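The structure appears right after this line, and notes come after that.
The values are calculated or read from the model by the stated rules, or taken from the named source; none is laboratory data. Fair warning: this is a prediction, and the values are worked out from it, not measured in the lab. As a convention, Cβ positions derive from the backbone with ideal geometry for all residues, glycine included, and neighbour counts pool all protein chains shown. Calculation scope for accessible area: heavy atoms of the full protein, side chains included, ligands and nucleic acids excluded. Shrake-Rupley method; radii C 1.70, N 1.55, O 1.52, S 1.80 Å.
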Amino acid sequence: MSNARKVRAYTNIALIKYWGKRDDALILPTSSSLSLTLDAFYTETAVSFDASCEKDTFYLNDKIQDEAATLKVSRFLNLFRETAGLKTPATIRSTNYVPTAAGLASSASGMAALAGAANLATGLNLSPQELSIFARQGSGSATRSVYGGFVEWQKGTSSADSYAVKVDDADWDIGMVVVVVNKKQKELSSREGMKQTVTTSPFYSGWVESTAVDLVNIKKAIRDQDFEQVGEITESNGMKMHGTMLGANPPISYWEPDSVVAMQLVRQLRKQGIPCYFTMDAGPNVKVLCRLSDSQKIKTAFLNYFNEEQLIISGPGSDLKEVSL
Ligand code: ADP
Ligand code: DP6
Ligand code: CO
(Lines give C-alpha, C1' and ligand atoms only; values in the text may rest on other atoms or scores of the structure.)
(Ligands and ions follow the chains in the order given, each with its own letter.)
Protein backbone atom coordinates (compact mmCIF):
# COMPACT_ATOMS: atom_id res chain seq x y z
CA MET A 1 0.00 0.00 0.00
CA SER A 2 3.05 2.23 -0.04
CA ASN A 3 2.12 3.92 -3.31
CA ALA A 4 -1.48 4.77 -2.32
CA ARG A 5 -2.50 8.41 -2.60
CA LYS A 6 -5.99 9.69 -1.99
CA VAL A 7 -8.05 12.01 -4.18
CA ARG A 8 -11.24 13.87 -3.34
CA ALA A 9 -13.72 14.76 -6.08
CA TYR A 10 -16.95 16.65 -5.48
CA THR A 11 -20.31 15.73 -6.99
CA ASN A 12 -21.98 18.03 -9.44
CA ILE A 13 -25.60 18.72 -10.22
CA ALA A 14 -26.48 19.45 -13.83
CA LEU A 15 -28.43 22.63 -14.55
CA ILE A 16 -28.48 21.62 -18.21
CA LYS A 17 -28.85 17.85 -18.14
CA TYR A 18 -26.99 15.05 -19.87
CA TRP A 19 -29.58 12.40 -20.70
CA GLY A 20 -28.54 10.09 -23.50
CA LYS A 21 -25.51 8.68 -25.25
CA ARG A 22 -24.64 8.60 -28.91
CA ASP A 23 -21.87 6.07 -28.15
CA ASP A 24 -22.51 3.72 -25.23
CA ALA A 25 -18.98 2.28 -25.05
CA LEU A 26 -17.07 5.56 -25.11
CA ILE A 27 -19.82 7.47 -23.26
CA LEU A 28 -20.24 10.22 -25.82
CA PRO A 29 -23.39 12.25 -25.12
CA THR A 30 -26.12 13.33 -27.53
CA SER A 31 -25.90 16.87 -26.15
CA SER A 32 -23.60 19.13 -24.15
CA SER A 33 -24.45 19.74 -20.48
CA LEU A 34 -23.58 22.17 -17.70
CA SER A 35 -23.37 21.72 -13.94
CA LEU A 36 -22.59 23.26 -10.59
CA THR A 37 -20.05 21.37 -8.48
CA LEU A 38 -21.13 21.02 -4.82
CA ASP A 39 -18.83 21.14 -1.81
CA ALA A 40 -21.16 19.24 0.56
CA PHE A 41 -21.04 15.91 -1.30
CA TYR A 42 -17.88 14.12 -2.42
CA THR A 43 -15.96 10.88 -2.79
CA GLU A 44 -12.46 10.06 -1.57
CA THR A 45 -10.60 7.25 -3.29
CA ALA A 46 -7.14 5.71 -3.05
CA VAL A 47 -5.68 3.25 -5.56
CA SER A 48 -2.57 1.18 -4.94
CA PHE A 49 -0.99 -1.28 -7.33
CA ASP A 50 0.33 -4.41 -5.69
CA ALA A 51 2.04 -7.17 -7.68
CA SER A 52 1.55 -9.61 -4.79
CA CYS A 53 -2.25 -9.49 -5.25
CA GLU A 54 -3.96 -11.84 -7.66
CA LYS A 55 -6.77 -9.56 -8.74
CA ASP A 56 -8.34 -6.17 -8.16
CA THR A 57 -10.06 -5.65 -4.81
CA PHE A 58 -12.59 -2.86 -4.36
CA TYR A 59 -13.75 -1.56 -0.98
CA LEU A 60 -16.59 0.96 -0.92
CA ASN A 61 -17.36 2.52 2.46
CA ASP A 62 -15.10 -0.15 4.06
CA LYS A 63 -17.14 -3.00 2.56
CA ILE A 64 -15.59 -5.38 0.08
CA GLN A 65 -17.61 -5.22 -3.16
CA ASP A 66 -19.02 -8.11 -5.18
CA GLU A 67 -17.74 -9.29 -8.53
CA ALA A 68 -20.02 -7.10 -10.64
CA ALA A 69 -19.12 -3.86 -8.84
CA THR A 70 -15.43 -4.77 -8.86
CA LEU A 71 -15.55 -5.59 -12.57
CA LYS A 72 -16.89 -2.11 -13.34
CA VAL A 73 -13.99 -0.52 -11.47
CA SER A 74 -11.45 -2.96 -13.00
CA ARG A 75 -12.57 -2.15 -16.52
CA PHE A 76 -12.21 1.54 -15.80
CA LEU A 77 -8.75 1.05 -14.27
CA ASN A 78 -7.73 -0.91 -17.37
CA LEU A 79 -7.88 2.35 -19.33
CA PHE A 80 -5.15 3.71 -17.07
CA ARG A 81 -3.19 0.45 -16.98
CA GLU A 82 -3.21 0.20 -20.78
CA THR A 83 -2.01 3.78 -21.13
CA ALA A 84 0.71 3.29 -18.52
CA GLY A 85 1.77 -0.17 -19.80
CA LEU A 86 0.88 -1.82 -16.49
CA LYS A 87 -0.78 -5.14 -15.72
CA THR A 88 -0.55 -5.04 -11.94
CA PRO A 89 -3.71 -5.67 -9.85
CA ALA A 90 -4.92 -2.87 -7.64
CA THR A 91 -6.58 -2.33 -4.30
CA ILE A 92 -9.19 0.43 -4.46
CA ARG A 93 -10.53 2.01 -1.29
CA SER A 94 -13.31 4.51 -1.69
CA THR A 95 -15.60 6.40 0.64
CA ASN A 96 -18.74 8.15 -0.57
CA TYR A 97 -19.70 11.20 1.44
CA VAL A 98 -22.86 11.10 -0.64
CA PRO A 99 -25.59 8.42 -0.79
CA THR A 100 -24.68 5.81 -3.42
CA ALA A 101 -26.90 5.40 -6.51
CA ALA A 102 -29.72 7.56 -5.11
CA GLY A 103 -29.79 10.32 -7.71
CA LEU A 104 -27.29 12.48 -5.85
CA ALA A 105 -24.54 11.96 -8.44
CA SER A 106 -22.34 9.40 -6.67
CA SER A 107 -21.21 8.14 -10.07
CA ALA A 108 -19.88 11.64 -10.84
CA SER A 109 -17.76 12.07 -7.70
CA GLY A 110 -17.04 8.31 -7.57
CA MET A 111 -15.62 7.95 -11.05
CA ALA A 112 -13.83 11.32 -10.99
CA ALA A 113 -12.13 10.45 -7.67
CA LEU A 114 -11.19 7.03 -9.06
CA ALA A 115 -9.72 8.66 -12.17
CA GLY A 116 -7.76 11.11 -10.04
CA ALA A 117 -6.43 8.36 -7.77
CA ALA A 118 -5.53 6.12 -10.74
CA ASN A 119 -3.70 9.04 -12.32
CA LEU A 120 -1.53 9.40 -9.21
CA ALA A 121 -1.01 5.67 -8.68
CA THR A 122 0.09 5.07 -12.30
CA GLY A 123 2.23 8.20 -12.40
CA LEU A 124 0.64 9.12 -15.73
CA ASN A 125 0.51 12.77 -14.74
CA LEU A 126 -2.50 13.54 -16.93
CA SER A 127 -3.68 17.10 -17.48
CA PRO A 128 -7.13 18.03 -16.10
CA GLN A 129 -8.48 17.84 -19.65
CA GLU A 130 -7.12 14.32 -20.16
CA LEU A 131 -8.42 13.35 -16.73
CA SER A 132 -11.86 14.61 -17.74
CA ILE A 133 -11.76 12.39 -20.85
CA PHE A 134 -10.79 9.38 -18.73
CA ALA A 135 -13.44 10.13 -16.07
CA ARG A 136 -16.06 10.38 -18.82
CA GLN A 137 -15.51 6.73 -19.69
CA GLY A 138 -16.44 5.75 -16.13
CA SER A 139 -19.63 7.82 -15.95
CA GLY A 140 -20.76 10.71 -18.14
CA SER A 141 -21.47 13.06 -15.24
CA ALA A 142 -17.95 12.38 -13.88
CA THR A 143 -16.54 14.27 -16.88
CA ARG A 144 -17.63 17.47 -15.13
CA SER A 145 -16.47 16.61 -11.58
CA VAL A 146 -12.84 17.24 -12.46
CA TYR A 147 -13.53 20.96 -12.02
CA GLY A 148 -15.21 23.16 -9.46
CA GLY A 149 -17.72 25.94 -10.10
CA PHE A 150 -19.89 25.96 -13.23
CA VAL A 151 -18.65 23.35 -15.67
CA GLU A 152 -19.66 22.54 -19.24
CA TRP A 153 -19.19 19.10 -20.76
CA GLN A 154 -18.74 19.75 -24.45
CA LYS A 155 -20.20 16.85 -26.37
CA GLY A 156 -17.37 17.02 -28.90
CA THR A 157 -17.01 15.15 -32.16
CA SER A 158 -15.01 12.17 -30.81
CA SER A 159 -13.53 10.85 -27.58
CA ALA A 160 -10.58 13.23 -27.91
CA ASP A 161 -12.68 16.39 -27.72
CA SER A 162 -15.57 15.33 -25.47
CA TYR A 163 -14.43 16.80 -22.14
CA ALA A 164 -15.31 19.40 -19.54
CA VAL A 165 -14.30 23.04 -19.38
CA LYS A 166 -14.76 25.42 -16.50
CA VAL A 167 -17.25 28.12 -17.40
CA ASP A 168 -17.20 30.20 -14.20
CA ASP A 169 -15.76 29.87 -10.68
CA ALA A 170 -19.22 30.34 -9.13
CA ASP A 171 -17.53 32.55 -6.54
CA TRP A 172 -20.68 34.62 -6.25
CA ASP A 173 -23.83 34.30 -4.19
CA ILE A 174 -25.11 30.92 -5.42
CA GLY A 175 -25.62 27.45 -3.98
CA MET A 176 -28.15 24.70 -3.39
CA VAL A 177 -30.39 23.30 -0.71
CA VAL A 178 -30.50 19.57 -1.34
CA VAL A 179 -33.73 17.92 -0.22
CA VAL A 180 -33.03 14.25 0.45
CA VAL A 181 -36.46 12.75 -0.13
CA ASN A 182 -35.10 9.21 -0.18
CA LYS A 183 -31.49 8.03 -0.10
CA LYS A 184 -32.09 4.41 -0.98
CA GLN A 185 -30.63 2.95 -4.16
CA LYS A 186 -32.74 3.59 -7.22
CA GLU A 187 -34.30 0.67 -9.06
CA LEU A 188 -33.35 1.91 -12.52
CA SER A 189 -29.79 3.20 -12.96
CA SER A 190 -29.14 6.41 -14.90
CA ARG A 191 -27.43 4.31 -17.52
CA GLU A 192 -30.46 2.11 -18.17
CA GLY A 193 -32.95 4.96 -17.78
CA MET A 194 -31.32 7.13 -20.40
CA LYS A 195 -30.87 4.25 -22.82
CA GLN A 196 -34.54 3.38 -22.58
CA THR A 197 -35.41 7.05 -23.16
CA VAL A 198 -33.17 7.48 -26.21
CA THR A 199 -34.47 4.34 -27.88
CA THR A 200 -38.20 4.67 -27.16
CA SER A 201 -39.27 8.25 -26.29
CA PRO A 202 -40.94 10.13 -29.17
CA PHE A 203 -40.03 13.37 -27.34
CA TYR A 204 -36.31 12.69 -27.51
CA SER A 205 -35.48 14.73 -30.62
CA GLY A 206 -37.33 17.71 -29.12
CA TRP A 207 -35.23 17.37 -25.98
CA VAL A 208 -31.94 17.39 -27.89
CA GLU A 209 -33.01 20.43 -29.88
CA SER A 210 -34.21 22.49 -26.94
CA THR A 211 -31.37 21.64 -24.55
CA ALA A 212 -28.88 23.16 -27.02
CA VAL A 213 -30.80 26.46 -26.85
CA ASP A 214 -30.95 26.29 -23.03
CA LEU A 215 -27.19 25.82 -22.88
CA VAL A 216 -26.46 28.94 -24.91
CA ASN A 217 -28.86 30.98 -22.81
CA ILE A 218 -27.65 29.74 -19.42
CA LYS A 219 -24.03 30.48 -20.29
CA LYS A 220 -24.98 34.08 -21.01
CA ALA A 221 -26.98 34.26 -17.76
CA ILE A 222 -24.00 32.87 -15.80
CA ARG A 223 -21.70 35.42 -17.43
CA ASP A 224 -24.12 38.18 -16.40
CA GLN A 225 -24.53 36.62 -12.92
CA ASP A 226 -28.26 36.86 -13.59
CA PHE A 227 -29.47 34.47 -10.89
CA GLU A 228 -33.17 34.48 -11.86
CA GLN A 229 -32.36 33.70 -15.47
CA VAL A 230 -29.99 30.87 -14.47
CA GLY A 231 -32.74 29.48 -12.23
CA GLU A 232 -35.54 29.69 -14.77
CA ILE A 233 -33.51 27.90 -17.42
CA THR A 234 -32.40 25.25 -14.87
CA GLU A 235 -35.95 24.48 -13.75
CA SER A 236 -37.26 24.34 -17.29
CA ASN A 237 -34.43 22.14 -18.58
CA GLY A 238 -34.82 19.63 -15.74
CA MET A 239 -38.57 19.34 -16.32
CA LYS A 240 -38.02 18.76 -20.03
CA MET A 241 -35.63 15.91 -19.24
CA HIS A 242 -38.28 14.29 -17.02
CA GLY A 243 -40.81 14.89 -19.81
CA THR A 244 -38.74 12.82 -22.24
CA MET A 245 -38.60 10.05 -19.62
CA LEU A 246 -42.38 10.02 -19.24
CA GLY A 247 -42.57 9.49 -22.98
CA ALA A 248 -40.37 6.38 -22.85
CA ASN A 249 -41.80 2.89 -23.22
CA PRO A 250 -42.20 1.63 -20.55
CA PRO A 251 -42.54 5.13 -19.02
CA ILE A 252 -39.91 6.23 -16.51
CA SER A 253 -40.48 8.35 -13.43
CA TYR A 254 -38.07 8.78 -10.53
CA TRP A 255 -40.44 11.04 -8.57
CA GLU A 256 -41.96 10.30 -5.20
CA PRO A 257 -44.83 12.15 -3.47
CA ASP A 258 -42.36 14.17 -1.37
CA SER A 259 -40.54 15.23 -4.55
CA VAL A 260 -43.75 16.98 -5.60
CA VAL A 261 -44.15 18.50 -2.13
CA ALA A 262 -40.65 19.97 -2.46
CA MET A 263 -41.30 21.35 -5.94
CA GLN A 264 -44.55 22.98 -4.81
CA LEU A 265 -42.80 24.55 -1.86
CA VAL A 266 -40.19 26.06 -4.17
CA ARG A 267 -42.95 27.62 -6.29
CA GLN A 268 -44.61 28.95 -3.15
CA LEU A 269 -41.38 30.49 -1.83
CA ARG A 270 -40.89 32.17 -5.18
CA LYS A 271 -44.35 33.71 -4.91
CA GLN A 272 -43.33 35.02 -1.49
CA GLY A 273 -40.40 36.79 -3.12
CA ILE A 274 -37.54 34.36 -2.42
CA PRO A 275 -35.92 33.49 -5.75
CA CYS A 276 -35.27 29.72 -5.85
CA TYR A 277 -35.63 27.03 -8.50
CA PHE A 278 -35.67 23.23 -8.45
CA THR A 279 -34.02 20.54 -10.47
CA MET A 280 -34.15 16.75 -10.20
CA ASP A 281 -32.01 13.93 -11.55
CA ALA A 282 -32.47 10.20 -11.89
CA GLY A 283 -33.84 9.83 -8.37
CA PRO A 284 -36.52 11.30 -6.07
CA ASN A 285 -34.31 13.97 -4.48
CA VAL A 286 -34.87 17.66 -5.19
CA LYS A 287 -32.08 20.21 -5.51
CA VAL A 288 -33.06 23.80 -4.88
CA LEU A 289 -30.86 26.33 -6.64
CA CYS A 290 -30.72 29.55 -4.63
CA ARG A 291 -28.65 32.45 -3.53
CA LEU A 292 -26.43 31.06 -0.79
CA SER A 293 -27.47 34.06 1.33
CA ASP A 294 -31.12 32.84 1.11
CA SER A 295 -30.31 29.18 1.82
CA GLN A 296 -30.94 29.28 5.58
CA LYS A 297 -34.31 30.96 5.06
CA ILE A 298 -35.26 28.32 2.47
CA LYS A 299 -34.14 25.50 4.75
CA THR A 300 -36.28 26.91 7.55
CA ALA A 301 -39.34 26.91 5.27
CA PHE A 302 -38.61 23.30 4.27
CA LEU A 303 -38.39 22.26 7.94
CA ASN A 304 -42.21 22.47 8.02
CA TYR A 305 -42.29 19.40 5.75
CA PHE A 306 -38.89 17.69 6.07
CA ASN A 307 -36.43 16.75 8.86
CA GLU A 308 -33.21 18.56 9.57
CA GLU A 309 -31.19 15.54 8.25
CA GLN A 310 -33.02 15.69 4.92
CA LEU A 311 -31.93 19.26 4.22
CA ILE A 312 -28.35 19.94 3.23
CA ILE A 313 -27.06 23.34 2.23
CA SER A 314 -24.16 23.37 -0.19
CA GLY A 315 -21.96 26.02 -1.71
CA PRO A 316 -19.96 25.53 -4.91
CA GLY A 317 -17.26 22.87 -4.75
CA SER A 318 -13.69 23.02 -6.06
CA ASP A 319 -11.57 21.08 -8.55
CA LEU A 320 -10.68 17.51 -7.60
CA LYS A 321 -7.60 17.39 -5.42
CA GLU A 322 -5.23 15.13 -3.54
CA VAL A 323 -5.94 14.86 0.19
CA SER A 324 -3.83 13.27 2.92
CA LEU A 325 -4.44 9.58 3.65
P1 ADP B 1 -26.02 8.26 -8.95
O2 ADP B 1 -27.31 8.99 -9.04
O3 ADP B 1 -25.60 8.06 -7.52
O4 ADP B 1 -24.95 8.85 -9.80
P5 ADP B 1 -25.89 6.09 -10.89
O6 ADP B 1 -26.91 5.04 -11.22
O7 ADP B 1 -25.57 7.06 -11.94
O8 ADP B 1 -26.36 6.80 -9.53
O9 ADP B 1 -24.52 5.44 -10.51
C10 ADP B 1 -24.31 4.58 -9.42
C11 ADP B 1 -23.08 3.76 -9.72
O12 ADP B 1 -21.90 4.59 -9.68
C13 ADP B 1 -22.79 2.70 -8.71
O14 ADP B 1 -23.56 1.54 -8.93
C15 ADP B 1 -21.30 2.45 -8.97
O16 ADP B 1 -21.13 1.64 -10.12
C17 ADP B 1 -20.79 3.82 -9.30
N18 ADP B 1 -20.16 4.43 -8.11
C19 ADP B 1 -20.74 5.13 -7.11
N20 ADP B 1 -19.85 5.49 -6.18
C21 ADP B 1 -18.66 5.01 -6.59
C22 ADP B 1 -17.32 5.05 -6.04
N23 ADP B 1 -17.06 5.69 -4.91
N24 ADP B 1 -16.33 4.46 -6.74
C25 ADP B 1 -16.59 3.83 -7.91
N26 ADP B 1 -17.82 3.76 -8.47
C27 ADP B 1 -18.84 4.33 -7.83
C1 DP6 C 1 -29.83 12.89 -14.71
O2 DP6 C 1 -23.53 10.16 -15.50
O3 DP6 C 1 -25.00 8.88 -13.92
O4 DP6 C 1 -27.82 13.08 -13.43
O5 DP6 C 1 -22.93 8.12 -17.94
O6 DP6 C 1 -24.42 6.16 -17.68
O7 DP6 C 1 -22.82 6.75 -15.86
P8 DP6 C 1 -23.70 7.25 -16.98
O9 DP6 C 1 -24.85 8.15 -16.30
P10 DP6 C 1 -24.77 9.37 -15.28
O11 DP6 C 1 -26.04 10.23 -15.74
C12 DP6 C 1 -26.37 11.43 -15.13
C13 DP6 C 1 -27.75 11.85 -15.51
C14 DP6 C 1 -28.31 13.04 -14.76
C15 DP6 C 1 -28.01 14.35 -15.47
C16 DP6 C 1 -26.60 14.87 -15.39
O17 DP6 C 1 -25.90 14.65 -14.41
O18 DP6 C 1 -26.22 15.58 -16.35
CO1 CO D 1 -24.88 9.00 -11.87
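For the reader, a short list of remarks on this structure follows.
- Taking the chain as a whole, the Cys residues whose C-beta sits 4.7 Å or farther from every other Cys C-beta are Cys53.
- Carbon/sulfur fraction of accessible area - the range 79-171, other protein chains in place, 1.4 Å, %: 47
- Quotient of Cα Rg and 2.2 N^0.38 Å for the range 1-78, N being how many residues it contains: 1.38
- Exposure rule at most 15 other beta-carbon atoms within 10 Å, DSSP loop trypsin sites (Lys or Arg not before Pro): the chain longest free segment: 185-325
- Computed from backbone phi, the HN-Hα couplings of the range 19-34 come to 8, x, 10, 9, 9, 5, 6, 8, 6, 9, x, 6, 8, 6, 9, 8 Hz, rounded to whole numbers (Karplus: 6.51 cos²θ - 1.76 cosθ + 1.60, θ = phi - 60°; Gly and Pro given as x).
- Rounded to the nearest 0.05, the FRET efficiency derived from the C-beta distance between Lys271 and Asp169 at R0 = 30 Å is 0.45.
- Between the beta carbons of Met239 and Glu192, assuming R0 = 30 Å, the FRET efficiency works out to 0.90 to the nearest 0.05.
- Potential extension, Thr199-Gln264 segment - 0.36 nm per residue separation minus Cα distance: 20.3 nm
- For peptides 123-134, 101-112, sequence by mean Cβ density within 10 Å, most packed first: 101-112, 123-134
- DSSP-assigned coil residues among GluC sites (Glu not before Pro) in the range 44-107, each with at most 13 further Cβ atoms within 10 Å: Glu54
- Rounded percent of accessible protein surface that carbon and sulfur make up, the range 175-314, 1.4 Å probe: 52
- DSSP H segments from the chain that extend 20 Å or more along their own axis, Cα-based, with Kyte-Doolittle mean of -1.0 or above: 67-84, 106-122, 204-223, 227-246, 257-271
- Where the Cα pairs of the range 5-171 fall when distances are cut into 10 Å bins, in %: 12, 43, 35, 10, 1
- Between amide H atoms placed 1.01 Å from N, distances below 5 Å from Gly149 occur with Thr37, Gly317, all of them 5 or more places distant or on a separate chain.
- Cα-based convex hull volume of the range 194-245 per residue, rounded to whole Å³: 59
- For the range 217-325: accessible area per residue (Å², 1.4 Å): 46
- Rounded if a/c under 1.5, otherwise prolate or oblate - the range 76-216, Cα gyration tensor axes: rounded
- Dipole of the chain, positive direction: furthest Cα of Ser236, Thr70, Tyr163, with charges on the beta-carbon: Thr70
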